[in-house]
Amino acid sequence: MAVAADGTATVVWGESDHAYARRIFELRLSTAPQDLGAGADEPDISSEDDSSFAWAVFRQNGAAIARRLVGSQFDPLVPLEAAEGAESPRVAINGRGVGYAGIGGTSTNG
């Protein structure tokens, strides 16, 4: 969950092999949850000060993916550079949208 300076939260979660995002205004849920992608899990989100802008990251079929929230819609997928088997993608941005995405991985060294 990410809470912007304007008090609006955006929550992401994985369910039934999909990742979803939904806004929370005060104590009300938005009426239109966003499906981030099939074959997706391990979502994370970070928001700018203005809740109209955020970045979500997740795994999709073993690859790390990012999507930017602009207004009420997510931009197309942006693959993150990582070795196969990316795990635990995380994102952190500041109030102006500057930040980092990180990806864990498994070692294949013997």
Sorted by chain and then number, the residues having a modelled amide H within less than 5 Å of the amide H of Leu80, at least 5 places away or on another chain, are Ala64, Ile65, Ala66
Over the chain, with neighbouring protein chains present, the accessible area per residue in Å² at probe 1.4 Å is 58
Per GNM of the chain with C-alpha springs under 10 angstrom, the most fluctuating residue out of Glu81, Glu48, Glu26 is Glu26
Pro33 neighbourhood, Cβ < 15 Å, K/R = +1, D/E = -1, net charge +2
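Report the local net charge at Gly7: Lys and Arg +1, Asp and Glu -1, summed over other residues whose C-beta lies under 13 Å from its C-beta. Display every interim value, and only then the final one.
Details: positive: Arg23, Arg28; negative: Asp6, Glu26, Asp49, Asp50.
Local charge sum for Gly7: -2.
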Per the rule of 0.36 nm per residue minus the C-alpha distance, extending Arg96 to Asp50 adds in nm 15.7 nm
Phi angles of region 75-80, converted by Karplus (6.51 cos²θ - 1.76 cosθ + 1.60, θ = phi - 60°) into ³J(HN,Hα) in whole Hz with x for Gly and Pro, give 5, x, 4, 10, x, 9
Whole-Hz Karplus couplings 3J(HN,Hα) for region 34-44, θ = phi - 60° and coefficients 6.51, -1.76, 1.60, Gly and Pro as x, run 9, 8, 6, x, 7, x, 10, 7, 6, x, 8
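Which percent of the accessible heavy-atom area of the chain goes to carbon and sulfur, probe 1.4 angstrom?
Working: 3230 of 6330 Å².
After summing per-atom areas, the C and S share lands at 51 percent.
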Along principal axes, largest first, the alpha-carbon spread of the chain in whole Å comes out as 51, 30, 22
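The values are calculated or read from the model by the stated rules, or taken from the named source; none is laboratory data. Bear in mind that the values here come from a model prediction, so they are computed numbers and not experimental data. All Cβ positions, even for glycine, are placed from backbone atoms using ideal geometry, and neighbour counts span all protein chains on display. For the accessible areas, the whole protein counts, side chains as well, though only heavy atoms, and no ligand, DNA or RNA atoms are used. Shrake-Rupley method; radii C 1.70, N 1.55, O 1.52, S 1.80 Å.
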